[in-house]
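The values are calculated or read from the model by the stated rules, or taken from the named source; none is laboratory data. A quick note: this is a predicted structure, and the numbers were derived from the prediction, not measured. Please note: Cβ atoms are built from the backbone with ideal geometry, for glycine as well, and neighbour counts cover all protein chains shown. Heavy atoms of the whole protein, side chains included, go into the accessibility calculation; ligands, DNA and RNA do not. Shrake-Rupley method; radii C 1.70, N 1.55, O 1.52, S 1.80 Å.
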Amino acid sequence: QVQLVEFGGGLVQPGGSLRLSCAASGLIFSIYNMAWYRQAPGKQRELVAFVTSGGNTNYADSVQGRFTISTISRDGAKKTVNLQMNSLKPEDTAVYYCSAHGTYEYWGQGTQVTVSS
């Protein structure tokens, strides 16, 4: 059974930092790319960052240089996907989703990030 569970959202002031984590299990990680998406109120879901099974990363222009995606493999059958977010801006406010992309797509339940003073 595939599970993607996000942790680490919350309220932070502009300029602050947050670290989101996604506990992923039940996947053959060698054939799945992992990603973080976000959806702000009234807007479409957008890609924030992804990391391929080979370790290559890519970022949305809006977060380039501020966000870092990384992965930690655990026990071969589990992986943690982290999103370190620095220099946060009010426009980063959104629900953030962890996702896996390969033969199928899988999504977590989302975690709220609010950037406000």
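The table that follows gives values for the structure above.
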quantity: Hits in the stretch 1-29 (condition: surrounded by fewer than 18 Cβ atoms within 10 Å (Cβ to Cβ), under 14 Å from the mean Cα position of the chain (by Cα) and not small (G, A, S)); calculated: V5, F7, R19
quantity: Residue that is open to solvent by 40 Å² or more (accessible area, probe 1.4 Å) and of a type outside the set (D, E), where the choices are Y104, Y32, Y97; calculated: Y104
quantity: Options R66, R74, R38: the member that is modelled with pLDDT of 95 or more and open to solvent by 20 Å² or more (accessible area, probe 1.4 Å); calculated: R66
